[in-house]
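Data block below; observations after.
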Amino acid sequence: MNIQETKLKGCFILEPRKFEDERGYFFESFNEKTFNDLTGTNTHFVQDNQSYSTKGVIRGLHAQAGAHAQAKLVRVLKGEVIDVAVDARPDSPTFGQHVAVHLSAENNKQLFVPRGFLHGFSVLSEEAVFFYKCDNFYNKESEQGILYNSPELNINVTN
């Protein structure tokens, strides 16, 4: 697995090693030990979620607050999206900054979004199936968010 830390501390882009032959392909999409060794974290995922959206849909920016904060490992099973992570940790040197990553079923890239980040995506393809692993259980009362088009963030979700 190839891993690259983004400009935001603790936020990583992961690319699995894909093995292809005439029958198709195989790749390991997640291995807890490898993931923790490469990221230097001690992340244990407890919940998987999947969503379906159509072209032009924007989901986010949202997060879980306090004791219900969630780290997420996200990827696209069908289609393509622009995925956005925003550092919402007030004590972070990259507070308010974001990264935007093109995720698709073709490139198999994943984005690790640490706790304390807002997260969202914009669907570029006709349809997208989005999958994410969470390290904490969802709690509706702790949901928080901000508009994706907030001028302070200057996020472009259409490319």
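Coordinate-derived values only; no laboratory data. From a predicted model like this one, the values you see are computed outputs, not experimental measurements. Positions of Cβ are generated from backbone atoms using ideal geometry, with glycine treated the same way; all protein chains shown enter the neighbour counts.
Remark: the stretch 44-145 carries a charge dipole of roughly 80 debye about the Cα centre, counting +1 on each Lys and Arg Cβ and -1 on each Asp and Glu Cβ.
Taking label points 7 Å from Cα along the Cα-to-Cβ direction, GLU28 and GLU15 give a separation of 1.9 nm. Within the chain, what's the longest stretch lacking trypsin sites (Lys or Arg not before Pro) that sit in DSSP loops with no more than 14 other Cβ atoms inside 10 Å? The longest such stretch corresponds to 56-159.
Under 24 Å of direct C-alpha separation, and excluding same-chain neighbours fewer than eight residues apart, LYS55 reaches these lysines: LYS72, LYS78, LYS109, LYS133.
Dipole of the chain computed with +1 at Lys/Arg Cβ and -1 at Asp/Glu Cβ about the Cα centre; of VAL101, LEU77, PRO90, farthest Cα towards the positive end is PRO90. Apply the a/c threshold of 1.5 to the C-alpha gyration tensor of the stretch 57-99 and tell me whether it is rounded, prolate or oblate. Prolate shape, in that a/c is at least 1.5 and a/b is the bigger ratio. Working note: 222 nm ellipticity from helices only, DSSP H runs with n ≥ 4, each -39,500 (n - 2.57), summed and divided by the residues of the chain, gives -1500 deg cm²/dmol to the nearest 500.
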